[in-house]
Each structure stands twice: as C-alpha cells, then as structure tokens.
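Quick one: this structure, given as structure tokens, is what I'll be asking you about.
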Amino acid sequence: MALIVSLPIGTPPQVQQMVLDTGSQLSWIQCHKKTPRKPPPASTFDPSLSSSFSVLPCNHPICKPRVPDFTLPTSCDQNRLCHYSYFYADGTYAEGNLVNEKFTFSPSLVTPPLVLGCATDSSDAQGILGMNLGRFSFPSQAKITKFSYCVPTRQTQPGSRPTGSFYLGNNPSSAGFRYIDMLTLSQSQRTLPNLDPLAYTVELQGIRIGARRLDIPPSVFRPDAGGSGQTMIDSGSEFTYLVDEAYNKVREEILRLAGPRLKKGYVYGGVSDMCFDGDANEIGRLIGDMAFEFGKGVEILIEKEKILADVGGGVKCVGLGRSERLGAASNIIGNFHQQNLWVEFDLVSRRIGFGKADCSRSTV
C-alpha cells in the first residue's frame, strides 16, 4: 500500500501521481513524450507541453560527480545533460535527467522552479514526492515548514481505493495533536555508515503488546556507535521494520499468545515470519492491542482488529518485518502503523505530532 498524491506540475499544470515518501529526498516524475505509437504510463508528464520546464546541463553545480545527496553520483549523458540514478532500500530504482519545474497549485500559488528527476526508466508506475530533510527534498526547496498526512484504513473489498488527506502548511486539527521531538544528531553521528542523517529520527522507548511491555532495552531503538538502531517515521515504507533484537522479542510474545495458529515455515516477502491462516479478528483477540511508546506519554496504538495485514491468499501477517532482511540496520515505522492517524512534520520546531482521526473521511 503506497500513499499516492496527485499534484499539478508545469505550466499549464499536468496532474502527476506521486508516492508520498518521508524516507527519501529527490522528487521525480515519469517523463514521456505522448506519442500515438507507444502509449506512456498512465500518469506521465510531457515536458514539451510545459513553458516552465528546463533541463539541467552538465555544468550545473548539482551535477558534480561527488554530490553526496544522491545514492549514486550524477553523471553527464551523451546530450550533455545531468543524468541521475536513484536506488531505494526496497530495491526499486529510477533514472533519468535532472530538470527544473514548477508546482502550480493555483494561478496565485506557484512554487519557484524546483530540481526534480525526470524519469525515463523506473521500476514504478508513479513518481516519488521526496519529503525528507535533505536540501533537494520538496519541503526544503518549496520552503514548506510544516506538512501532515492522514492514512486511511485499508479496504478489504478488491478494487476499492480509500482516500486520505495531505496538508501543506498549518493543519486546522493540530490543536489536538500530541508531539514528540525529533532526535538531534551530533555532527559525528551524521557521518556514521548505518545512519540516515536526513530521515525523521525519533526516540522510540518501547513496544507494548496487550498489557505487557516487552523486555527490549531502549538502546535498541537509538543509533549505536555505527549508527545502527536509528528509529524513523517513513511514509514510503508499508510495513514497520525492526532490528533483530526488537523483532525477536515481538515474535516471542506473538508466539506465546497465538503460536498454535502460526503459519509455520511461511515468510511473507522474505521479511515477515509472523503470519496466520484463519479469522483475523479471532487472532487479533488472542494477540491484543500493540503500541509503539515514545516519550511524554505519546504512543501509536494499533488496535487488535487492525494488527494483521491481509497479504492475499487468505494469509494475514503482523505488519512487521526484519530490517536486516531489507539490508537496513534501522527501525522503520511504516504506513501500515500510521492508519487513522494525523502525522504532522513540524520542520521549524523539529517535532512530529500525532492525532487520532477517521482518515477515510475528510476530517478537515
């Protein structure tokens, strides 16, 4: 399940579908000239139709080979244009040219030209709206100091697409939000090999299942000497991923509560081995509620009815995976555990707010 926003890009605007991703930096769109011979992907941008579109040449400062903001260095293509390649933790990729283009929300509300990727080859149908703390992310370039989203609950009936909300600027519901501070990283921590300094890093203190707080040392959720153990809020990840020390404790408790119902030997997506056959509500009752506990009494509570994800074929899995299997060394709170919750990113005050909501309705 991805959080897809439709945004107007170019002059005149062409509506583009983009995955809202607080875990990455570069925003990019699908770029294809619309020709009758080869139909482009459904959501695609035709640069020839926009008067504000321009490409970045090789001599642009961003196109220096060692710009540290990209997962692979930028390079110069045969047309003397700046070429980029971007790889994500889940193995997906996008490549194309770096360009300048405006977001045109209304005639009076237009961003300055922003650096975007114009993907001619990618493994995804939609583009990406990169929302992390990097200097080339959408909020950084568009000078947005606050944004929030509300993830709707998954619909079980096939073919239906639930609709949530995405806010740029002040959220009218924010008076009821409860806030936690983003973890401030020292200069030496920011260069650690296993740490992402541009992620929204928070201080998770513990995990509760039912009434039992699991015996996981809080240090497991904080960056260690090599940067492993960082905990981040990531709208672009579906499941939540935990480092082994935390995942094993959760699995132990799930087995204690519902072990006989476990689908033995089954691993979903290579990352999650807490899956079940049978009635989700019944298994949810055996397990109970689950909570991610932060400071100041703030928590993300997942009610027992929502603890299992339907992964198809009658199989339901606890929406948790091992981050090690992703090749990551961090704890990543994904969008499955952000359902029916306003999540607000306040970039000036460096804090994240949570507010319970019915996200399937227009709550604002």
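Which one of these does S160 not meet: (1) at pLDDT below 90; (2) open to solvent by 60 Å² or more (accessible area, probe 1.4 Å); (3) over 18 Å from the mean Cα position of the chain (by Cα)?
Among (1) at pLDDT below 90; (2) open to solvent by 60 Å² or more (accessible area, probe 1.4 Å); (3) over 18 Å from the mean Cα position of the chain (by Cα), the lone unmet condition for S160 is (2).
Quick test for you: out of A357, A328, pick the one residue that is within 23 Å of Y200 (Cβ to Cβ), open to solvent by 10 Å² or more (accessible area, probe 1.4 Å) and out of contact with any Leu (no Cβ under 8 Å at 6 or more places or on another chain).
Result of the check over A357, A328: A328.
Sticking with this structure for a sec: Report whether or not S54 is surrounded by 13 or more Cβ atoms within 10 Å (Cβ to Cβ), over 23 Å from S237 (Cα atoms), out of contact with any Leu (no Cβ under 9 Å at 6 or more places or on another chain) and modelled with pLDDT of 95 or more.
no
A follow-up question, please. In the list P152, P172, which residue meets the criterion of being touching a residue at least 24 places away in the same chain (Cβ under 8 Å) and either farther than 22 Å from E238 by Cβ or surrounded by fewer than 14 Cβ atoms within 10 Å (Cβ to Cβ) (or both)?
Exactly one residue qualifies, and that residue is P172.
What residue, among those in region 1-10 that are of a type outside the set (A, V, I, L, M, F, W, C) and modelled with pLDDT of 95 or more, is nearest to the chain's Cα centre (by Cα)?
In this case the residue turns out to be P8.
Let me ask something additional. Taking the residues in region 111-126 that are in contact with a Lys or Arg (Cβ under 9 Å, 6 or more places away or on another chain) and touching a residue at least 60 places away in the same chain (Cβ under 8 Å) as candidates, determine which candidate is most open to solvent (accessible area, probe 1.4 Å).
P113
If I ask for residues that are assigned to a strand (DSSP E or B), open to solvent by 60 Å² or more (accessible area, probe 1.4 Å) and in contact with a Lys or Arg (Cβ under 8 Å, 6 or more places away or on another chain), which ones from region 211-244 would you list?
Those that are assigned to a strand (DSSP E or B), open to solvent by 60 Å² or more (accessible area, probe 1.4 Å) and in contact with a Lys or Arg (Cβ under 8 Å, 6 or more places away or on another chain): none in region 211-244.
For residues in region 8-29 being assigned to a strand (DSSP E or B) and open to solvent by less than 10 Å² (accessible area, probe 1.4 Å), which is farthest from I333 (Cα to Cα)?
I9
The values are calculated or read from the model by the stated rules, or taken from the named source; none is laboratory data. Given the structure is predicted, the values throughout are model-derived calculations rather than measurements. Positions of Cβ are backbone-derived with ideal geometry, glycine not excepted, and every protein chain shown enters the neighbour counts. Note: areas computed on protein heavy atoms with side chains; ligands, DNA, RNA excluded. Shrake-Rupley method; radii C 1.70, N 1.55, O 1.52, S 1.80 Å.
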